[in-house]
Amino acid sequence: MKIGFIGVGNMGNPMATNLIKAGHQLTVHDIRQEAATNLLEMGANWADSPKATVPGNEVVFTSLPMPRHVEAVVLGENGILEGAKRGSIYVDLSTNSPTVIRRIHQTCAEKGVIVLDAPVSGGVYGAAAGTLAVMVGGDEKVFRRIKPALDAIGGHVVYCGPIGNGMVCKICNNLLSMGTGVLLAEALTLGVKAGVDLATLADVIANSSGGCKRITEKFPRYLFKGNFQPGFATSLAAKDVRLATDLGREYGMPMELSNMVDQRHVEALHRGWGDLDSDAVAQIQEEKAGVQLRLPV
Ligand code: NAD
């Protein structure tokens with residue numbers, strides 16, 4: 001397929017790489033052209049604006065940090081919508097607000113432009129390996145048409161229902177991932193303080209009912225190594241938890257614990273850790289407990 005791709009950062013770059021490797025022809029754009037160097041070397045074309053990624057392509061993808069970036073890139077000056085015509089397809093791979101993507105969908109529909117949401121999970125390792133979970137919302141027939149491209153970036157591509165449903169799935173997932181991170185930091189600092197070494201404790205939990213990907217994959221790659229190079233930036237993790245608590249408010253849901261997780265991420269942002277990997281949030285518990293969760297490299 002001929003594909004436009006906007007936002008080639010930590011996630012977008014490996015996803016775009018896998019699309020090229022699968023034989024798709026890419027036109028890429030990012031506010032930092034240098035982020036696309038490897039893709040241009042692999043044969044991708046460069047576009048100077050989001051608008052310029054659209055003509056001649058069957059689908060345009062975005063992988064952008066925040067909902068406001070997605071809105072600007074789609075609906076703003078020189079945005080995707082300006083370059084689109086009736087029948088053009090646009091797919092958001094970012095983790096975005098369901099409400100924002102539903103609004104974008106509505107605005108684009110007025111011009112006959114089709115919008116799907118397809119947020120991804122699996123981190124930079126999953127993006128590089130092409131094994132991401134992809135959660136798709138929108139018109140199912142259009143989903144079937146573009147699925148070959150999604151199969152190049154993901155190993156578990158799931159149709160979740162109407163527009164915004166992919167984002168709902170992704171936000172619920174990330175709320176759990178971030179909440180688990182906070183609770184795990186408490187459990188692990190407790191266990192170490194009470195006399196068990198971290199390697200034993202982590203191994204036992206990983207193979208017991210408290211086991212989860214956070215302890216088997218994420219913490220070993222980041223927190224346990226003291227490696228806070230993102231990865232998945234704390235600013236993005238905080239955004240995802242806030243998307244969940246905002247959605248809770250929108251639907252009148254009781255979410256006491258989620259709001260505590262939200263505030264823990266706000267504290268990390270106030271400490272200036274927004275650009276560090278999201279495992280940095282565990283350092284707040286480490287500090288309070290007087291226990292560092294590190295394993296020999
Ligand atoms: P990133 O900051 O590494 O990449 C974002 C890219 O978008 C950057 O290259 C940036 O220059 C570009 N960009 C920003 N504003 C732009 C604009 N107006 N026009 C064009 N380009 C612009 O972020 P990331 O980690 O790749 O995350 C991207 C999205 O994927 C986010 O929504 C994030 O929540 C989600 N996500 C991230 C991970 C992860 O592990 N990093 C995993 C799953 C989902």
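The values are calculated or read from the model by the stated rules, or taken from the named source; none is laboratory data. Source: prediction; values computed, not measured. All Cβ positions, even for glycine, are placed from backbone atoms using ideal geometry, and neighbour counts span all protein chains on display. Remember, those area values only see protein heavy atoms, side chains included, never the ligands or the DNA or RNA. Shrake-Rupley method; radii C 1.70, N 1.55, O 1.52, S 1.80 Å.
As for region 133-151, it holds at least one residue that is over 17 Å from Ala282 (Cβ atoms), within 16 Å of the ligand (Cβ to nearest atom) and surrounded by fewer than 19 Cβ atoms within 10 Å (Cβ to Cβ). For region 234-245, the tally of residues that are away from the ligand (no atom under 11 Å from the Cβ), surrounded by fewer than 21 Cβ atoms within 10 Å (Cβ to Cβ) and not basic (Lys, Arg) stands at 1.
The selection criterion, being in the same structural domain as Gln285 (by TED's automatic domain parsing) and outside any helix (DSSP H, G or I), holds for Gly210.
Just one of the listed residues (Gly248, Gly231, Gly272, Gly252) is open to solvent by less than 10 Å² (accessible area, probe 1.4 Å) and either of a type outside the set (Ser, Thr, Tyr) or under 23 Å from Val124 (Cα atoms) (or both), namely Gly248.
Please go through region 96-124 and give me each residue that is of a type in the set (Val, Ile, Thr) and in contact with a Leu (Cβ under 7 Å, 6 or more places away or on another chain), ordered by number. Passing the criteria: Ile104, Thr107, Val113, Val120. Scanning region 104-132 for residues that are buried (at least 16 other Cβ atoms within 10 Å of the Cβ) and in a helix (DSSP H, G or I), we see that the one that is farthest from the chain's Cα centre (by Cα) is Cys108. Quick one: would you say Gly4 is modelled with pLDDT of 95 or more, of a type in the set (Gly, Ala, Ser) and closer than 30 Å to Asp246 by Cα? When the stated conditions are applied, Gly4 does not pass them. Of the residues making up region 91-115, those that are in contact with a Ser or Thr (Cβ under 6 Å, 6 or more places away or on another chain) and within 16 Å of the ligand (Cβ to nearest atom) are Asp92, Leu93, Ser94.
Close Cβ contacts (under 6 Å, 6 or more residues apart or on different chains) running from residues in region 166-194 that are open to solvent by 40 Å² or more (accessible area, probe 1.4 Å) to residues that are among the hydroxyl-bearing types (Ser, Thr, Tyr) comprise Asn173/Ser121.
For every residue, the table says whether it meets (1) within 29 Å of Ala238 (Cα to Cα); (2) of a type in the set (A, V, I, L, M, F, W, C); (3) modelled with pLDDT under 95; (4) away from the ligand (no atom under 11 Å from the Cβ).
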residue: Asn45; (1), (2), (3), (4): no, no, no, yes
residue: Gly56; (1), (2), (3), (4): no, no, no, yes
residue: Val59; (1), (2), (3), (4): no, yes, no, yes
residue: Ser63; (1), (2), (3), (4): yes, no, no, no
residue: Arg68; (1), (2), (3), (4): yes, no, no, no
residue: Val74; (1), (2), (3), (4): yes, yes, no, no
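Checking Thr53, Thr37 one by one, the residue that is farther than 19 Å from Arg103 by Cα, more than 21 Å from the chain's Cα centre (by Cα) and open to solvent by less than 60 Å² (accessible area, probe 1.4 Å) is Thr53 and no other. Considered as a group, the residues in region 1-34 that are out of contact with any helix residue (DSSP H, G or I) (no Cβ under 7 Å at 6 or more places or on another chain), assigned to a helix (DSSP H, G or I) and near the ligand (Cβ under 10 Å from one of its atoms) include one that is least open to solvent (accessible area, probe 1.4 Å), and that residue is Gly12. Restrict the check to region 261-269 and report whether at least one residue is among the aliphatic types (A, V, I, L, M), part of a helix (DSSP H, G or I) and open to solvent by 50 Å² or more (accessible area, probe 1.4 Å). Checking region 261-269: at least one residue is among the aliphatic types (A, V, I, L, M), part of a helix (DSSP H, G or I) and open to solvent by 50 Å² or more (accessible area, probe 1.4 Å).
Among the residues of region 219-242, those that are assigned to a helix (DSSP H, G or I) and within 12 Å of Leu293 (Cβ to Cβ) comprise Phe219, Pro220, Leu223, Phe224, Lys225. Taking the criterion of being within 15 Å of the ligand (Cβ to nearest atom) and out of contact with any strand residue (DSSP E or B) (no Cβ under 9 Å at 6 or more places or on another chain), would at least one residue in region 81-90 satisfy it? Within region 81-90 (the criterion being within 15 Å of the ligand (Cβ to nearest atom) and out of contact with any strand residue (DSSP E or B) (no Cβ under 9 Å at 6 or more places or on another chain)), the answer is yes, since at least one residue qualifies.
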